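Values in this text are rule-based calculations from the coordinates and carry no lab data. This structure is a prediction, so every number in the text was calculated from the model and none was measured. Methodologically, a virtual Cβ is constructed for each residue, glycine included, from the backbone with ideal geometry; neighbour enumeration extends over all protein chains shown.
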């Protein structure tokens, strides 16, 4: 995205990940009038899960299905780690706040019911 303020605003709202940039367009297709790009990025599984939970109510069925598949694949491939709760929040279920517990229950119900 070329609007730094919007990328930083998103970062401020979700309070996770990192903002990188500016990056100038390079290569044969780059034009002199192209604006620098800004990127928001995360690679932490817990952050990805939290974002999926946040956006879930606004996702279409195709996106929900794909995100559900990705979460199940990740958990299956990384089963040596603690529970999904630990992956989402970085702490055991017994130490979740009421808000985190609600987020976890919502995500779990959605995955089980295919919502």
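In the elastic network of the chain, a GNM with C-alpha springs shorter than 10 Å, the most mobile of 29, 101, 43 is 29.
Measure nothing but the geometry: give the 0 to 90° angle between the long axis through the Cα atoms of 98-113 and the longest principal axis through the Cα atoms of the chain, rounded to 10°. Computed tilt is about 90 degrees. Projected label points at residue 113 and residue 23, each 7 Å from Cα along the beta carbon direction, are separated by 3.9 nanometres. Here, the chain is characterised by an Rg to Rh ratio of 1.07, where Rg is the alpha-carbon radius of gyration and Rh the Kirkwood radius. The angle between the Cα long axis of helix 61-77 and the main principal axis of the chain comes to about 70°, on a 0 to 90 degree scale.
Between the helical axis of 4-14 and the longest alpha-carbon principal axis of the chain there is an angle of about 10 degrees.
Cβ crowding within 10 Å, taken as a proxy for footprinting-reagent exposure, orders 67, 20, 33 from fewest neighbours to most as 33, 20, 67.
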